[in-house]
1. Semi-axes of the equivalent ellipsoid for region 134-377, please: Cα gyration tensor eigenvalues, times 5, square-rooted, ordered largest first, whole Å.
2. How much length, in nm to one decimal, is gained on full extension between residue 312 and residue 348, taken as 0.36 nm per residue of separation minus their Cα-Cα distance?
3. Over region 213-332, what lengths in whole Å, largest first, do the semi-axes of the equivalent ellipsoid take, defined as the square roots of 5 times the eigenvalues of the alpha-carbon gyration tensor?
4. So if R0 is 30 Å, what FRET efficiency would residue 328 and residue 260 give, r being the distance between their Cβ atoms, rounded to the nearest 0.05?
5. Based on the Cβ-Cβ distance from residue 294 to residue 122, what FRET efficiency comes out when R0 is 56 Å, to the nearest 0.05?
6. Looking at region 153-224 from every direction and averaging, what is the projected area of its Cα convex hull in nm²?
7. Quick check: pseudo-label points 7 Å beyond the Cα along Cα→Cβ at residue 169 and residue 153, how many nm apart are they?
8. Suppose R0 equals 56 Å. What FRET efficiency, 1/(1 + (r/R0)^6) with r the Cβ-Cβ distance, do residue 39 and residue 281 give to the nearest 0.05?
């Protein structure tokens with residue numbers, strides 16, 4: 001019983017740390033409302049003294065109350081966003097259900113979680129670090145730019161997550177992504193990226209309306225009905241970002257989707273959000289069908305495009321037909337994994353409008369790219 005109590009106490013402590021960041025954000029809005037109410041009260045006192053309680057006092061009173069109501073409504077909307085983020089964080093952490101603590105020689109036994117069946121001890125340890133990072137809000141957003149060609153101006157960004165251990169060290173993405181995939185927890189990582197992407201778009205502000213963030217979404221998110229309900233609510237609260245957030249799926253994932261998942265995608269698309277597809281393996285896909293499902297972007301690797309373009313006349317014709325079909329259906333092509341300067345002229349000659357890769361910018365902390373929207377708009 002003592003062990004169970006200790007475990008529960010520690011869980012509460014972890015939850016308290018997890019809540020701290022969002023609660024601090026929420027309290028700022030509450031303090032703003034209180035401050036506004038205080039200012040309104042001062043205005044009423046001043047108006048009372050100056051007007052000697054004449055009818056003009058009513059005008060002052062009405063004006064002050066309108067201001068307070070507006071500020072209160074805005075604060076309430078911001079708080080609702082914070083609550084939605086909190087609910088999603090809770091859902092993410094709950095993907096790693098806590099198991100009963102076991103007796104050992106330590107004074108306070110560690111809390112372990114119950115991984116998916118067949119997960120190795122090494123993966124369990126990594127996923128425990130992921131769980132703790134989520135609960136303590138140690139999740140960083142990294143962005144990689146997608147540039148226009150040939151100008152190389154920043155136009156979009158792709159989002160990636162980086163988790164920090166308790167000592168501040170960055171966990172190796174390859175380690176926790178592979179472990180999450182093996183444990184069927186990759187959807188958790190995807191949804192952490194979604195939260196941070198929304199926060200990054202908020203930081204960009206109204207002066208950068210043309211920028212979009214591509215956010216990878218696992219089919220696990222869509223298949224999880226309980227989580228999808230929270231996910232849908234979150235999108236409702238952030239509906240104003242529909243034109244600035246792109247959900248990206250791999251083509252193999254799209255191939256595996258069944259009818260009910262298509263309905264969920266339609267529900268997301270009905271809110272104004274658009275989709276992107278990557279990991280395509282050939283050029284003769286049903287682009288019309290994808291466009292009808294609100295896929296507006298396609299990513300193709302530079303190696304795949306250049307290898308085909310350097311082939312015989314038939315291969316070159318396939319590339320041209322591919323490009324023409326995308327243009328016909330209003331789908332933008334992004335060539336990714338561009339690493340060599342010598343490849344750029346050939347890529348541009350194919351009429352490709354957007355590029356992504358180490359050559360144009362490596363994934364960096366979001367603040368590197370979005371700390372100053374004015375500078376960002378002039379970056380090249």
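No value in this document is a laboratory result; all are computed from the given coordinates. In this text, all values refer to a predicted model and were calculated from it rather than measured experimentally. Glycine also receives a Cβ, built like all others from the backbone with ideal geometry; neighbour counts cover every protein chain displayed.
1. After scaling each eigenvalue by five and taking roots: 28, 22, 18 Å.
2. In short, 11.0 nm is gained.
3. 30, 14, 12
4. 0.50
5. Result of the calculation: an efficiency of 0.90.
6. 6.4
7. 4.4
8. 0.35
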